[in-house]
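The values are calculated or read from the model by the stated rules, or taken from the named source; none is laboratory data. Everything numeric in this text was worked out from a predicted model, so none of it was measured. In this analysis, Cβ positions are derived from the backbone assuming ideal geometry, glycine residues included, and neighbour counts consider all displayed protein chains. We work out accessible area using only protein heavy atoms, side chains counted, and drop any ligands, DNA or RNA first. Shrake-Rupley method; radii C 1.70, N 1.55, O 1.52, S 1.80 Å.
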Amino acid sequence: MSFSNIDATEKKVVTVAVLVSAGHLMLIAYAAMFLNISVPTCQPNEKLFTEPSISKIGDLRYEVHYVAKMWNFLPKKLVLPKGATVDFYLGSNDVNHGFHINGTHVNLMAVPGVVNKATQTFRENGNYPIVCHEYCGFGHQNMNAVILVSDKVTEAVFEDSAQASESKLELSAAAKSGKELFGVKGCTACHNVDGAAGGVGPSFKGLYGRTEEMQDGVKVTADDAYITESIKEPLKKIVKGYNPVMPVLPVSDDEIKNIIEYIKSIR
Ligand code: CUA
């Protein structure tokens with residue numbers, strides 16, 4: 001059967017379909033060649049990883065491995081020299097997360113067991129926030145990170161104040177376990193460890209031994225008893241300036257002891 005035998009209406013449909021497909025392919029080629037939008041490729045055959053890392057692969061060329069986990073991206077802050085081109089490799093340590101770098105076309109899913117990749121060149125100075133846009137649980141709305149691009153730096157580095165100050169400390173086994181629980185139980189969603197203001201709950205930096213004023217004006221010293229009570233009965237005492245929003249989490253007494261050891265280490 002030749003093309004001329006086909007019904008006229010069907011011919012129209014086939015012609016339109018072919019033209020639309022060709023149009024799409026041309027738009028994709030145009031986006032890739034002239035708009036610098038990277039075309040989705042096959043999943044890279046990358047080894048799985050659980051820790052963030054950075055490596056230089058050429059002049060202003062970097063590979064950065066990003067880890068998504070409830071509810072954080074690591075590295076929390078990536079500093080890049082202006083003009084840097086970065087291959088982003090993205091993995092998840094737990095559930096599905098989204099990964100969108102604002103102001104760019106980088107938009108990936110972090111999927112457990114899979115490594116996803118995108119490439120981006122940063123031509124302008126500025127702050128590029130990364131947000132999670134896939135609902136991933138209680139702390140989803142606080143899951144973010146940032147890329148800072150500046151012509152004042154010459155090399156790409158991770159600049160994570162919390163990580164930097166922690167790595168200086170030799171943590172005890174109990175504190176290490178507490179640190180893990182801190183992430184696993186989702187504490188990171190509301191409590192930071194770098195002392196930054198504006199968290200949902202108080203920062204854990206320097207918390208141990210600090211005197212906190214409660215909503216009713218009563219002053220309480222943050223010792224073992226107070227922290228234990230705050231975890232077991234989070235709504236009993238609320239620190240002034242915060243909302244009573246902390247959920248009761250399934251944490252055993254031993255786990256609480258380890259978390260307290262970890263909090264002690266965050267000076
Ligand atoms: Cu991760 Cu939402």
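Data overview
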| item | result |
| --- | --- |
| Sequence-distant residues sharing a close amide H with Phe73 (under 5 Å, placed H) | Asn144 |
| Quotient of Cα Rg and 2.2 N^0.38 Å for the stretch 187-247, N being how many residues it contains | 1.02 |
| Length-normalised contact order of the stretch 163-265 in % [C-alpha pairs under 8 Å, at least 6 apart] | 36 percent |
| Quarter of the Cα convex hull surface for the stretch 53-159, i.e. its orientation-mean projected area (nm²) | 5.9 nm² |
| Solvent-accessible area per residue, Å², over the chain with all protein chains present [probe radius 1.4 Å] | 57 Å² |
| For peptides 242-250, 70-78, sequence by mean Cβ density within 10 Å, most packed first | 70-78, 242-250 |
| Estimated FRET transfer efficiency (Asn96, Lys185; beta-carbon r; R0 22 Å; 0.05) | 0.65 |
| Sequence-separation-based contact order of the chain, relative, with Cα cut under 8 Å and 6+ spacing, percent | 15 percent |
| Using alpha carbons only: equivalent-ellipsoid semi-axes of the stretch 136-267, gyration tensor based, whole Å | 27, 18, 15 |
| Apportionment of accessible area to carbon and sulfur, the stretch 163-265, percent (1.4 Å) | 55 percent |
| Burial order of peptide ranges 211-222, 191-202 (average beta-carbon count within 10 Å, highest first) | 191-202, 211-222 |
| Anchor Lys237: lysines whose Cα lies under 17 Å away (excluding residues fewer than 8 positions away in-chain) | Lys219 |
| Residue-by-residue Karplus 3J(HN,Hα) for the stretch 75-88, coefficients 6.51, -1.76, 1.60, Hz, glycine and proline x | x, 5, 9, 10, 9, 10, x, 4, x, 5, 10, 10, 8, 8 |
| Convex hull per residue volume in Å³, alpha carbons only, for the chain | 199 Å³ |
| Within the accessible area of the stretch 53-159 (1.4 Å probe), percent carbon and sulfur | 50 percent |
